[in-house]
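The values are calculated or read from the model by the stated rules, or taken from the named source; none is laboratory data. Treat the numbers as computed from the prediction; the structure is a model and nothing was measured. Note that we place each Cβ from the backbone using ideal geometry, even for glycine, and neighbour counts take in every protein chain shown. All accessible areas refer to the heavy atoms of the entire protein, side chains included, with ligands and DNA or RNA removed. Shrake-Rupley method; radii C 1.70, N 1.55, O 1.52, S 1.80 Å.
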Amino acid sequence: MPDKVPYSLAGKRVWVAGHRGLVGSALVRRLKSEDCTILTASRQQVDLRSAEQVNFWMRETRPQAVFVAAARVGGIHANDTRPAEFIYDNLMIEANVIEAAHRYNVEKLVFLGSSCVYPRMAPQPIPESALLSGELESTNQWYAVAKIAGIKLGQAYRRQYGCDFISVMPSNLYGPGDNFDLMHSHVIPALIAKFHRAYVQETETVEVWGSGKVLREFLYADDAADGIVFAMKNYSEEEIINLGSGQEVTIRELAETIGKVVGYRGRLAFDTSKPDGTPRKVVDVSRMAKLGWRAQTSLEDGLRQTYRWYVENIAPSDITQEGRPSLVRA
Ligand code: GFB
């Protein structure tokens with residue numbers, strides 16, 4: 001394969017599939033500083049689970065670069081209780097978009113996986129070579145298997161057709177535009193919503209799922225978008241590449257930091273009937289570092305930005321701020 005990096009986005013038509021999601025919306029923000037035309041399709045325009053609709057969209061719009069940020073996503077409970085949606089929707093989305101990208105000669109495609117594609121007991125920090133070296137974490141195995149299939153699709157199209165398709169594995173993401181549903185979201189938006197409610201209603205405890213002892217690495221969505229654009233421009237290999245912040249905390253530490261950001265002074269109540277999931281999940285980011293990229297946003301700063309966005313956009317009006325000091329601190 002000829003040398004394909006650096007790949008320039010200048011003057012290109014760039015499709016962000018999944019532009020309303022956490023990473024997709026951050027990608028749109030990031031791409032505004034590139035000299036490219038951003039293409040987006042609403043769910044009403046194109047159901048990505050339909051090959052016919054995806055092919056029609058590709059034929060009409062002819063993107064030259066594609067970010068596959070569309071996915072069925074959710075936290076530990078959603079993954080564990082909606083296995084069919086997590087495996088089927090993700091398999092269909094990635095198969096349709098990758099096949100159409102090949103068919104309509106897309107020059108470059110970045111597929112987004114997740115750190116949960118790695119085995120539950122992978123060495124830490126997790127190197128890319130740990131893929132398929134052991135058993136998956138059971139709570140998110142359906143999502144992980146679908147994402148592994150997406151990685152393999154990209155690799156197969158690269159091998160057989162010479163397509164410049166790459167796959168990036170981000171660690172747990174959070175930021176503005178996330179899903180703040182209490183049952184189905186990831187830990188950060190769920191805890192922000194719970195702490196906010198507890199702060200405003202002055203309740204004594206906040207419920208935190210699991211033991212609080214497991215470790216997670218968190219990457220701010222705008223850092224993730226910057227890293228993904230960087231990878232599109234500078235990386236062109238069959239092997240997957242990790243994207244992380246290196247900022248690892250226990251769930252207890254995370255909850256305490258969110259409490260501080262929100263200004264809540266009550267206690268944490270751990271609900272150990274809820275699953276902990278994988279014990280530790282921090283990715284080895286040395287390959288991205290060698291290429292010259294690293295994350296910029298500290299966890300506390302990222303949490304402050306996310307909380308500000310939540311208060312300004314989501315916080316339900318039935319939870320009033322009356323009588324409480326300003327909720328969003330600088
Ligand atoms: O973010 P999360 O749902 O997903 O949970 P995973 C991380 C940890 O936070 C788990 C704990 O140990 C949860 O038990 N936790 C504490 C909570 N309180 C809460 C809460 O109120 N809500 C939630 N959701 N968690 C996901 C996968 O695993 O990782 C996805 O399920 C995806 O497929 C994502 O890959 C990156 O980190 O356990």
Task: Cα-based equivalent ellipsoid of the range 141-270: semi-axis lengths in Å, sorted from largest, via gyration tensor - done: 37, 14, 12
Task: the range 231-275-the range 208-224 distance, computed between alpha-carbon centres (Å) - done: 2
Open item on the list: Please compute the modelled spin-label separation between Phe56 and Lys213, points set 7 Å along Cα→Cβ, answer in nm with one decimal.
Closed with: 5.4
Open item on the list: Taking just the alpha-carbon atoms of the range 47-111, what radius of gyration and Dmax come out, in angstrom?
Closed with: 13.0, 39
Task: Residue among Ile241, Ile87, Tyr264 farthest towards the positive dipole end of the chain, charges placed on Cβ - done: Ile241
Task: DSSP beta bridges in the range 177-315 [antiparallel fraction, %, rounded to 5] - done: 40
Open item on the list: Using a 1.4 Å probe on the protein heavy atoms only, what accessible surface does Trp209 show? Give it in Å² to the nearest 10.
Closed with: 50
Task: Rg ratio (alpha-carbon, reference 2.2 N^0.38 Å) - the range 202-242 - done: 1.96
- [ ] Run through all the Cα pairs of the range 79-182 and give the fraction in each 5 Å bin from 0, expressed as whole percent.
- [x] 2, 12, 20, 21, 20, 15, 8, 2, 0
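State the extension gain, in nm to one decimal, for the chain segment bounded by Ala149 and Tyr161, taking 0.36 nm per residue of separation less the distance between their alpha-carbons. Could you put the intermediate results ahead of the total?
Values: separation 12, 0.36 × 12 = 4.32 nm, distance 1.75 nm.
Length gained between Ala149 and Tyr161: 2.6 nm.
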Task: For the chain, calculated [θ]222 nm from helices alone, where every DSSP H run of n ≥ 4 adds -39500 (n - 2.57) - done: -12500 deg cm²/dmol
Task: Distant-in-sequence amide H partners of Phe270 (H built 1.01 Å from N, under 5 Å) - done: Val208
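Subtract the Cα-Cα distance of Thr81 and Lys260 from 0.36 nm times their separation in residues, and report this length gain in nm to one decimal.
Extending this stretch completely gives an extra 61.3 nm.
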Task: Label-to-label distance, nm, for residues given as Arg13 and Asp35 (7 Å Cα→Cβ offset) - done: 2.0
- [ ] Starting from the Cα of Lys281, draw a straight line to each of the lysines and keep only those under 28 Å, dropping any in the same chain fewer than 8 residues away.
- [x] Lys147, Lys152, Lys194, Lys213, Lys233, Lys260, Lys290
Open item on the list: Using a Förster radius of 56 Å, what is the FRET efficiency between Val5 and Gln45 based on their Cβ-Cβ separation? Nearest 0.05, please.
Closed with: 0.95
Task: Packing-based ranking, highest mean first, of 143-155, 175-187 given that Cβ atoms within 10 Å are counted - done: 143-155, 175-187
TODO: Give me the compactness ratio for the range 1-80, meaning the Cα radius of gyration over 2.2 N^0.38 Å.
DONE: 1.23
Open item on the list: What Kirkwood Rh does the chain have if only Cα atoms enter the pairwise 1/r average? Answer in Å.
Closed with: 20.4
Open item on the list: Taking every DSSP beta bridge with both residues inside the chain, roughly what % is antiparallel (nearest 5)?
Closed with: 10
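Using the Cα centre of the chain as the reference point, and only Cβ charges (+1 on K/R, -1 on D/E), how large is the resulting charge dipole? Debye, rounded to the nearest 20.
The calculation lands at about 360 debye.
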TODO: Would you pull out the residues with amide H under 5 Å of Ser167's amide H, same chain only if 5 or more places away, H placed 1.01 Å from N?
DONE: Phe111, Ile241
Task: Computed accessible area, Arg62, all protein chains, 1.4 angstrom probe, square angstrom - done: 100
- [ ] Multiply the residue gap between Asn313 and Glu135 by 0.36 nm, knock off their C-alpha separation, and tell me the result in nm, one decimal place.
- [x] 60.1 nm
